[in-house]
């Protein structure tokens with residue numbers, strides 16, 4: 001094997017165990033399968049190009065998350081200047097789920113997560129979506145344990161508030177006193 005093939009094999013050896021985690025992370029921060037696929041490709045390309053500079057292979061997932069986050073933020077900045085971000089956000093709300101009945105709920109959840117500030121969203125995604133422990137998040141983000149727990153608690157509280165606001169908006173849009181025949 002030549003050097004390039006060895007690098008590809010080493011990269012894939014590290015990538016396979018974390019493939020589902022980084023894919024889920026990209027799906028949640030972008031809000032759609034299509035945008036997540038694009039972000040994942042951009043992330044993997046950048047990660048492979050800088051792979052020789054990776055010193056700690058045990059921090060590979062953090063390396064990928066960091067690249068994905070920075071790539072996504074760079075894309076969002078570009079959208080502000082080169083396109084209508086509302087069109088992009090509308091396009092990014094298509095979600096594929098196993099059940100059609102869950103799609104509106106998942107869409108509300110993704111929209112609520114997108115409204116969190118970057119610090120809260122990052123900790124929430126790392127803990128609940130990617131399955132990192134508090135200690136792993138603390139080391140990756142260079143925060144104290146208390147700061148990670150605080151951000152996580154604030155993110156959950158804000159998410160609960162945002163989701164309860166959406167529920168009350170839906171309830172006012174569709175009053176419960178209408179019967180099924182009146183709606184047809």
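The values are calculated or read from the model by the stated rules, or taken from the named source; none is laboratory data. What you are looking at is a predicted structure, and each value in this text was computed from that prediction instead of being measured. Cβ atoms come from the backbone with ideal geometry, glycine included; neighbour counts cover every protein chain shown.
Scanning region 34-50 for residues that are free of Cβ contacts under 8 Å to residues at least 60 places away in the same chain and either farther than 16 Å from residue 70 by Cβ or not in a helix (DSSP H, G or I) (or both) turns up 37, 50. Among the residues examined, residue 68 does not qualify as surrounded by 11 or more Cβ atoms within 10 Å (Cβ to Cβ), closer than 30 Å to residue 112 by Cα, under 12 Å from the mean Cα position of the chain (by Cα) and without any contact (Cβ under 8 Å) to a residue 24 or more places away in the chain.
As a summary of the residue check, residue 121 satisfies the conditions (1) modelled with pLDDT of 90 or more; (2) in contact with a helix residue (DSSP H, G or I) (Cβ under 8 Å, 6 or more places away or on another chain) except for the one numbered (1).
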